[in-house]
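K.L.:
Handing you a structure now.
All of the numbers you see were taken from the coordinates with simple rules; none came from a lab. Since the structure is predicted, the reported quantities are computational estimates derived from the model, not experimental observations. Glycine also receives a Cβ, built like all others from the backbone with ideal geometry; neighbour counts cover every protein chain displayed.
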Amino acid sequence: MGPPSSPSRGRVLTALLLLPVSMAVSHAAADGLEIRFLGRHSTGSHGQSAAEMPTFDPASARLFVVNGGQSRLDVLDIRKPAAPRALEPIDLRPYGGEPTCVTSHGGVVATTVPNRNKTLPGSVVFFDTSGRLLGQVTVGALPDMLAFTPDGTRLVVANEGEPRDYCAPGLVNDPEGSVSIIDLTQGVAGLGQDAVRTVGFGAFTRSGLDPRIRIAGPDVTVAQDLEPEYVAISADSRTAFVVLQENNAIAVVDLLAAEVTRLMPLGTKDHNRRGQGLDPSDRDGAIRIGLWPVRGMYQPDGIVTYEAGGQTFLLTVNEGDARNVYECFNDEVRVGSLRLDPQAFPEPTIQEEARLGRLNVSRVDGDADGDGQYETLYAFGARSFSIWSDDGSLVFDSGHGFEDTLSRELPDSFNADNASPDSFDSRSDDRGPEPEGIAIGKVGDRTYVFVGLERPSGVMVYDVTRPEAPSLVQYVHSRQVRDSSAAEDVGPEDVLFVPAATSPTKQALLVVANEISGTVALYSLAP
């Protein structure tokens, strides 16, 4: 049952009275960062994955944007960001399936193109900024994301190795995840397959694995179950940090040795602790951010690195993901369908729909003694962003800050679905706002992180100059723009920071690629 057309002040206050904010997050001064909408490019396609991942080439002042629905890279001239101009796109149909990611460095544009049969090896294809083909190499199964090292000598590719199904065991249906390292020290021209070293996870076995690393698939090896999703690289270009989203872990890869040196489990957050709550129901008719006996698996999607005080920090956006689209296997279940251990959950009403009954949790985790009764509930994602030290220690988590901000800034679309932004509360049972894209950059003498919220849309902006005490700056969404024509950016898939030094306007830019609305929005950033 949905809410009235405009949630009352009482409804919003309900959330605040249930759970006072106690996180180390405060609103930054209003004049700390000026964020101004500049312009937009629209592909004209809605709900077709037409604007997913962007990259920027400073020399040509061109944006390259993955248009998965059309199997191409859209190319935008943004010398005038207020009026981005579409150029001839780059057709990727000759190279395989739908592209998944794009990045650029030194005038070279690289994109991942999976095989049309996603269980087979995919490709990385290289172009110059005019769209001329420079080369193509084969990488692992389902290449999902790629990143140049800061020095440009290597390109690192996360090959997700996602299964086709779980109906029959074996590599035919479920390939191994891997990381490909492409040596670019001799340039792209004439690049051969000998420049590619693909690193797998065959050395890791269930018996030797940290139990906090989630292996959920039935009848699979560790290497099959690990699914590399996203890559961040250290400032010295020697180490890659690769998110294993479904496994709730990060792989650390030595790029010089081409070796996975360790797997870092991320653990879980306690949603029953002050400042770390959530709204778990889409059937309560209100915004109710409360404390619940639930453990949130961080399961990040995006990850970036940054340096502060001589240390390397990792920032993750904790979207969460379940394997719930496969024939013969589904690791997701609603709390209301489970048998709960009465000693762990003595309240008989805990499984009501307005309480925890609607929340989607893990079917394969939580029944430690195997008696069919769940002692612990593990939710997918943490509805937050986190800062970690490079050894995997948690430095900061934004708690329920995203949901709290949405309750104040955009109550009519609180935890709404991106396909229908006015579907109030419809995603509270299923990962809430789903933070997905992340970018980081310096404006003036401050460092900011930008987090895209996939479901209700918009971007959360935090000052992370001090990693141990970030501060909320602003929630940016198109409804804040006075021009009504700007209220059309829905479903941000990724965000990109363009520093002032390489910006065509000499002012830092924020680029937001919106998958559902098929739009690319540009903002200026100034201290």
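K.L.:
Which whole number in µm²/s is D for region 10-526 by Stokes-Einstein, with the Kirkwood Rh taken over Cα pairs at 25 °C and 0.890 mPa s? Please report the intermediate quantities before stating the final value.
P.N.:
Values: Rh = 23.1 Å.
D = 106 µm²/s.
K.L.:
Obtain the nm distance between the two label points defined at T129 and A189 by a simple spin-label model: each point lies 7 Å from its Cα along the Cα-to-C-beta direction.
P.N.:
Between T129 and A189, the simple spin-label model gives 1.8 nm.
K.L.:
For the chain, what is the calculated [θ] at 222 nm in deg cm²/dmol (nearest 500), taking -39500 (n - 2.57) for each run of four or more DSSP H residues and dividing by its residue count?
P.N.:
-1000 deg cm²/dmol
K.L.:
Starting at the first residue of region 66-75, write each ³J(HN,Hα) from the Karplus equation 6.51 cos²θ - 1.76 cosθ + 1.60 with θ = phi - 60°, in whole Hz, x for Gly and Pro.
P.N.:
For region 66-75, the Karplus curve yields 5, 10, x, x, 10, 6, 7, 9, 7, 10 Hz.
K.L.:
Continuing with this model, one more query. Kirkwood hydrodynamic radius (Cα pairs, Å) of region 63-185?
P.N.:
Numbers: mean 1/r = 0.0665 Å⁻¹.
Every distinct Cα pair counted, the radius reaches 15.0 Å.
K.L.:
Estimate the FRET efficiency between N330 and E468 by the formula 1/(1 + (r/R0)^6), using the beta-carbon distance for r and 51 Å for R0, to the nearest 0.05.
P.N.:
0.85
K.L.:
Another question, if that's okay. I'd like the per residue volume of the convex hull spanned by the Cα atoms of region 209-295, given in cubic angstrom. Before the final figure, lay out the partial values.
P.N.:
Details: hull volume 13.1 nm³, N = 87.
About 151 Å³ per residue, rounded to a whole number.
K.L.:
Also, I was wondering about something else. Quickly rank 323-333, 379-389, 184-194, 97-107 as a protection proxy: mean count of other C-beta atoms within 10 Å, highest first.
P.N.:
Highest mean packing first, the order is 379-389, 97-107, 323-333, 184-194.
K.L.:
Please give the charge dipole size of the chain, origin at the Cα centre, charges +1 on K and R Cβ atoms and -1 on D and E Cβ atoms. Round to the nearest 20 debye.
P.N.:
Computed about the Cα centre, the dipole is about 1220 debye.
K.L.:
Using alpha carbons only, how many angstrom separate the centre of region 294-359 from the centre of region 174-188?
P.N.:
Comparing the Cα centres of region 294-359 and region 174-188, I get a distance of 31 Å.
K.L.:
Using the Karplus curve 6.51 cos²θ - 1.76 cosθ + 1.60 with θ = phi - 60°, work out ³J(HN,Hα) for each residue of region 145-162 in order, rounded to whole Hz, and write x for Gly and Pro.
P.N.:
In residue order, the calculated couplings are 7, 8, 8, 6, 5, x, 7, x, 8, 9, 10, 10, 10, 8, 9, 5, x, 5 Hz.
K.L.:
Here's a follow-up. List the lysines whose Cα sits under 22 Å from the Cα of K506, skipping any in the same chain fewer than 8 residues away.
P.N.:
Counting by Cα, and skipping residues close in sequence, K506 has these lysines nearby: K80, K442.
K.L.:
Separate question: For the chain, give me every cysteine whose Cβ has no other Cys Cβ within less than 4.7 Å, ordered by residue number.
P.N.:
Lacking a cysteine Cβ partner under 4.7 Å: C101.
K.L.:
Highest mean first, what order results for 506-517, 250-261, 125-136 on Cβ atoms within 10 Å? Could you put the intermediate results ahead of the total?
P.N.:
Details: 506-517: 23.4, 250-261: 18.0, 125-136: 16.5.
Answer by packing, highest mean first, reads 506-517, 250-261, 125-136.
K.L.:
Between A59 and Q373, take the C-beta separation as r, use R0 = 41 Å, and let me know the FRET efficiency to the nearest 0.05.
P.N.:
The formula returns an efficiency of 0.10 here.
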